[in-house]
Amino acid sequence: MTTTPDTPDFASTSLPKHLARGGIGFGALIGSIALLPLLGPFSLALLPIGLVALRGCPMCWAIGLMQTISRGRLQRTCEDGACTLTVAEHDSRREKASGS
């Protein structure tokens, strides 16, 4: 029996969307610190915006970037307690194999 493990999914639906979220998130985090001398504590209002855009933390965003890039290209399967990572077949390869 082949199953996929229950792991958190931080990926976005597309790479441009994920990169935009990263730009907003990191921009807000950096802005909240950089604007502190100018705006005082009001600049800290950017922190929640940055954290929401990054879905919690910069590491979560980085993991999501890797998942977004590999989505549809890599497939993890687990059998008998051992998991393997293989290259997923694309529809064009299946069509060529079937002769369509």
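Quick note: the coordinates plus some simple rules give every number you see, no bench work behind them. Worth saying up front: this structure is predicted, and the values here are computed from it rather than measured. Every residue, glycine among them, receives a Cβ derived from its backbone with ideal geometry; neighbour counts consider all protein chains shown.
Taking every residue in region 20-39 that is closer than 16 Å to residue 59 by Cβ and pairing it with any residue that is in a helix (DSSP H, G or I) and among the small types (Gly, Ala, Ser), at least 6 positions away or on another chain, the pairs with Cβ-Cβ distances below 8 Å are 21/53; 22/53; 25/50; 25/53; 26/50; 29/50. Please work out which residue is nearest to residue 13 (Cα to Cα), limiting yourself to region 40-51 and to residues that are without any contact (Cβ under 8 Å) to a residue 12 or more places away in the chain and not small (Gly, Ala, Ser). Ranking the qualifying residues of region 40-51, first place goes to 48. Residues that are of a type in the set (Gly, Ala, Ser), part of a helix (DSSP H, G or I) and under 30 Å from residue 76 (Cα atoms) occur at least once in region 25-41. Starting from region 60-72, keep only residues that are of a type in the set (Ser, Thr, Tyr), then list their pairs with residues that are surrounded by 15 or more Cβ atoms within 10 Å (Cβ to Cβ) whose Cβ atoms are within a distance under 7 Å, requiring at least 6 positions of separation or different chains. As it stands, the answer is 68/11; 68/12; 68/18, since those pairs meet every condition given.
Residues of region 60-82 that are of a type in the set (D, E, K, R) and touching a strand residue (DSSP E or B) at 6+ places or on another chain (Cβ under 7 Å): 73, 76.
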